[in-house]
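Okay, so here's the structure we're looking at.
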Amino acid sequence: MASARADASSSAAASEAADVVVVGGGIMGLHVAWSLAAARVGRVVLFEKRRFGAGESGKSGAILRQHYSHETLIRMARASLARYRELHERTPGGIGFTNAGMAFVAAAADRDSLARNVALQRRCGVAVETLDAAALRRFEPRARFADDACGAFEPEASFVVPHPTLAAVAAQARAAGATLHEGRGVAELESDGARRITGVRLTDGTRVATRTLIVCGGPWSAALLAQVGSDLPLQAIRPEQAFFIAPAGHGTERCIWADLERGLYWKSEATGFTRVGNLPYDQDEKVADPDRYDEGVSGAFLADCRSRLAARVPAYSDSICWGGVSALYTVTPDAQALIGPVPATSGLFVVSGFSGHGFKLGPSVGVGVAALVTGGDPGPLEPAFFAPDRFARGQAQSGAYGFSVLG
């Protein structure tokens, strides 16, 4: 493997030691810990300052779609979808895996982009069909579609429920041999004069020696990395989401929806509510301190969601709103994650910046990161695509649509 066992005796201050330390207990950190432990890299220890999923993951819509503009993302999403299905089947009580399917609706301006993405999906083995306006009306007769509307339907798309999924991944990581801690936060990253990682100091003062450190801290990642002089482009923002009771006689949504024309997505939740959120996030509030942010939503946002949703599905004009919640996204300039070695610091890796579409990629990210550490096969994860230094090299990624969350 790329790192040797940390020598606990090298520092009198060290009270613990690990071969690999993972920082952050969201969906990425848990998948990374699971894959590393399964790869038998030695002692894998994960530290989560609060509880699993307390940052971004616990509020996720956890949509598992394969509609992307890049082959590497489609293949990662496809492999992850299969693994989530398997995890649901092997977990007592399941993880809420629901094969709902997902429909994308676009106006004429996005017709070519939609067609290119559908063609790319098909080349990657994804089942997907295109829909013209007449087909959309047959597909969902309760909605309104203009004569120039177009769409695509992905029948394999699904979703899971975040909290049982996080618990199930944590259980698998522990079964594979990883040690996971909740309520133990990392306060400081430590390195030597040659900029080699030597360990971490926890908030309780404990020092943990390690030569391999993986920061999966979501909105806390930038501040942690800054301690060792790294200035990667990671920004935390605050997207809002609304919840409506499905209209009388409407029932649950027949699928997950992404409406490119109105910049909106919606889906039925396990609770029976309809979750509604914006596709664009460029106007969302930037968050300076992820430990202290407004978790509520504005009345203006709720009214705007109702208006745009009702313009597509009129029955929602009278539906009862149950308020909403603000979550956190950690975004990058090109809406793709930073995954890989942190420049100029030996033994330090970053896994962050998924820009609102990371939950679906978790299993593939875990396998890929374990391979980066051990020198193995990263599977569908392409290290160059996610390279943390790509912006410095002028190699940012681009997407087919004007909505970064769609990747």
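Derivation of every value follows stated rules applied to the coordinates shown; laboratory data play no part. Since we're looking at a predicted model, the values are computed, not measured. Neighbour counts run over all protein chains shown; Cβ positions are idealised from the backbone, glycine included.
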Under the definition of Cα pairs under 8 Å and six or more residues apart, what whole-number percent is the relative contact order of region 240-326? 42
At q = 0.20 Å⁻¹, what log₁₀ I(q)/I(0) does a Debye calculation on the Cα points of region 240-326 give, no solvent, two decimals? -0.92
Formal net charge of residues neighbouring residue 340 (Cβ-Cβ distance under 12 Å; K, R +1; D, E -1): -1
Taking a cut-off of 28 Å, what percent of all Cα-Cα pairs in the chain are separated by more than that? 46
Within the under-13-Å Cβ sphere about residue 168, not counting residue 168, Lys/Arg +1 and Asp/Glu -1 give a net charge of +2
Round to the nearest 0.05 the FRET efficiency obtained for residue 133 and residue 252 when R0 = 25 Å and r is the Cβ-Cβ distance. 0.55
Is region 204-362 best put as rounded, prolate or oblate by its Cα gyration tensor, with a ≥ b ≥ c the root eigenvalues, rounded for a/c under 1.5, and otherwise prolate when a/b is larger than b/c, oblate when not? prolate
Taking a point 7 angstrom from the Cα of residue 176 along the C-beta vector, which residues in region 357-382 have backbone N less than 20 Å away? 358-382
Here the alpha-carbon Rg of region 23-121 over 2.2 N^0.38 Å rounds to 1.34
In bins 10 Å wide, starting from 0, what share of all Cα pairs of region 304-407 does each bin hold, as a percent? 13, 34, 26, 14, 11, 2
Might you report the magnitude of the Cβ-based charge dipole of the chain about its Cα centre, with Lys and Arg at +1 and Asp and Glu at -1, to the nearest 20 debye? 700
Got a sec? How would 320, 245, 27, 339 order by Cβ neighbour count within 10 Å, fewest to most? 320, 245, 339, 27
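Would you mind ranking 286, 59, 360, 267 by Cβ crowding within 10 Å, fewest neighbours first?
Neighbour counts put them in this order, fewest first: 286, 59, 267, 360.
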Count charges around residue 285 for me, please; just the other residues with Cβ under 11 Å from its Cβ, Lys/Arg as +1, Asp/Glu as -1. -1
Would you please give the FRET efficiency between residue 307 and residue 392, computed as 1/(1 + (r/R0)^6) with r the Cβ-Cβ distance and R0 = 35 Å, to the nearest 0.05? 0.25
What Kirkwood hydrodynamic radius, in Å, does region 109-172 give when the mean of 1/r is taken over all pairs of distinct Cα atoms and then inverted? 14.1
How big is the gap, in Å, between the Cα center of region 34-48 and the Cα center of region 147-196? 13
Using DSSP H assignments, which helices in the chain have an axial alpha-carbon span of 15 Å or above and a mean Kyte-Doolittle hydropathy of -1.0 or higher? 27-38, 71-90, 162-176, 299-312, 362-374
